[in-house]
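What follows is a set of notes on a single structure, which appears directly below.
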Amino acid sequence: MDQLWLARSKLARNKLDECISICDVLLNDNPGDQAAWFVKCKAVIRQNFIDDIEMEEESFAEVLMDENAIAAIPRPGTSLTAPQSAKSNSGSYDQGIRPVSSSGRPMTGFSRPGSSRPMSGNTGNIRDALQSSRRVGTASGGRPMTNMGREVRLGTASLVGAGGGSLVNLDRLNIKKYAAKPGLAMVLTEYMLYVEHNTRKALEMCAEATEVNEYKSWWWKARLGKCYFKLGMLRDAEKQLRSSLKTQPVVNTYLELVNVYTRLDLPNTALDVLKEACERFTLEPRLVLGIARIHDMLNDPEKAVECYKQVLVLDASCVEAIACIGAHHFYSDQPEMAMRYYRRLLQMGVNNTELWNNIGLCCFYASQYDMALGCFDRALAFSGDDDMSDVWYNIGHIGISLGDHGLAYQAFKVAVSVNPAHAEALNNLAVLELRRYNSITDPQRQNQALEQAKSYLASATDNGPHLYEPAYNRALSAYTKQGNFAESKEYVRKALQVYPAHRESMDLDKRLSQLLSSE
């Protein structure tokens, strides 16, 4: 059998390692075999391919260094940095049930299985971002500093040519020569983007090839826009992608243009682009899914759920849509309905920590206590260091609800030992210490419990600026246990800044104002 034909067959069947091995043998026999090199290059590209259209999240370093940031304060609902509030949008989730950060992201122990956008983990402050690891990001956290860092992968043997050198020597590559050969130029551009991650060199190739094709090729304009986007030249990327769409409307180009507008913090413009694309491609679920995501980031869950349901009409096996609808039913106080969707995910073969964690919460709130702890046991079996703390936090929450404070205390301690910055667990540990303070009579032990509670609350406040509970608990502790009205007033105002509709904080603030005015 002809070995080159066999290599192409392996490539078509996605047996990439076998394809690369056959091509290596052919290149050892004839280093100038362009056909074998071409097939191997395509196999290496496919092996290292990353669907960067899904990388819509912006890291903290990119936020700090963004030259396109809007200086003026945008109106709520027109910017991802100022999502709609509960007052302006009656359909949004109440913050007492589902805390929302300044970027509109929910920050509770409930998470979405199958979604690339985490709903738990990092608290969202700058210090955590600057101290985070620089490894490749996962769905559970640990994001590196930039999008480019997210794409870096360790080199493999497949990137080495038959003679021991690199498969493509980019430093000695004649850009003008290869730009005139469309097939080779396209493969080389993909190799530069997905294997070498040399965006500047790919930009040179795209610019030269666009000129060779007399600015009429939609593919080269789209790749030029992708390169500009990766380099942070967002307005240039917008022009190229718009020009590409005029020549040839393509779904991926629309999605890349939406990413540009998302990075520019223009969600309404992104929605207009997606709606225009939906009119052209009426059966494409990714476009409707993009609309749902933007509504979700704008803290408009009602419209988001409508779009997720439309996605399921087009693609009944979309894991993210099923998980998001399940989360919506959970936060709408319908755990039984949420459990149906998560059971559907189990039937589809999804089996991870987030799914079992959420099923456990649904079982608990549906009063199926015997099944809840079994689900959390399975969640712990699948968990890693990043998401284990959330599972233990939920176990502690169940312990409090059942009145088993010993189980709750141990679970929260384990959660903090796995993730010392877990603000919710630290807050609940402080509450348990204050309860222990009320149950003992020894003054020395009472003082120790009070100091420990203050320490936990201070850590929770530092690590969870999006939470109102630690600030309220510090205010209540200063008021009832220490009689320090000034300190209590300071922290109750912080709690109201985070959650203005919190009734207990409003009552305490009113009481403190009366006491301080009478003095």
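The values are calculated or read from the model by the stated rules, or taken from the named source; none is laboratory data. A quick note: this is a predicted structure, and the numbers were derived from the prediction, not measured. Positions of Cβ are backbone-derived with ideal geometry, glycine not excepted, and every protein chain shown enters the neighbour counts.
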Being surrounded by fewer than 14 Cβ atoms within 10 Å (Cβ to Cβ), among the acidic types (D, E) and out of contact with any Lys or Arg (no Cβ under 8 Å at 6 or more places or on another chain) narrows D404, D442 down to just D442
Just wondering, is there one or more residues in the range 51-63 that are out of contact with any Lys or Arg (no Cβ under 6 Å at 6 or more places or on another chain), modelled with pLDDT of 90 or more, surrounded by 13 or more Cβ atoms within 10 Å (Cβ to Cβ) and charged (D, E, K, R)? no
With criteria (1) surrounded by fewer than 23 Cβ atoms within 10 Å (Cβ to Cβ); (2) part of a helix (DSSP H, G or I); (3) touching a residue at least 12 places away in the same chain (Cβ under 8 Å); (4) of a type outside the set (D, E), Q448 comes up short on (3)
Scanning the range 252-285 residue by residue, those in contact with a Cys (Cβ under 9 Å, 6 or more places away or on another chain) and among the charged types (D, E, K, R) turn out to be E284
If we take the range 287-399, then helices (runs of 4 or more DSSP H) inside it with 1 or more residues that are in contact with a Pro (Cβ under 9 Å, 6 or more places away or on another chain) and within 30 Å of L274 (Cβ to Cβ) are 301-314, 319-331, 335-347, 353-365
Taking the range 272-305 and the residues there that are farther than 17 Å from E256 by Cβ, of a type in the set (D, E, K, R) and touching a residue at least 12 places away in the same chain (Cβ under 8 Å), the one that is surrounded by the most Cβ atoms within 10 Å (Cβ to Cβ) would be D296
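Taking the conditions exactly as written (outside any helix (DSSP H, G or I) and surrounded by 17 or more Cβ atoms within 10 Å (Cβ to Cβ)), does D265 satisfy them or not? Give the derivation first.
Working: outside any helix (DSSP H, G or I): yes; surrounded by 17 or more Cβ atoms within 10 Å (Cβ to Cβ): yes.
Yes, satisfied.
Return the only residue of K226, K216 being charged (D, E, K, R), crowded, with 23+ Cβ neighbours inside 10 Å and either out of contact with any strand residue (DSSP E or B) (no Cβ under 6 Å at 6 or more places or on another chain) or without any contact (Cβ under 8 Å) to a residue 60 or more places away in the chain (or both). Steps first, answer last, please.
Values: K216 fails: crowded, with 23+ Cβ neighbours inside 10 Å.
Of K226, K216, the one residue that is charged (D, E, K, R), crowded, with 23+ Cβ neighbours inside 10 Å and either out of contact with any strand residue (DSSP E or B) (no Cβ under 6 Å at 6 or more places or on another chain) or without any contact (Cβ under 8 Å) to a residue 60 or more places away in the chain (or both) is K226.
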Checked K454, K413 against criteria (at pLDDT below 90, part of a helix (DSSP H, G or I) and among the charged types (D, E, K, R)); the one match is K454
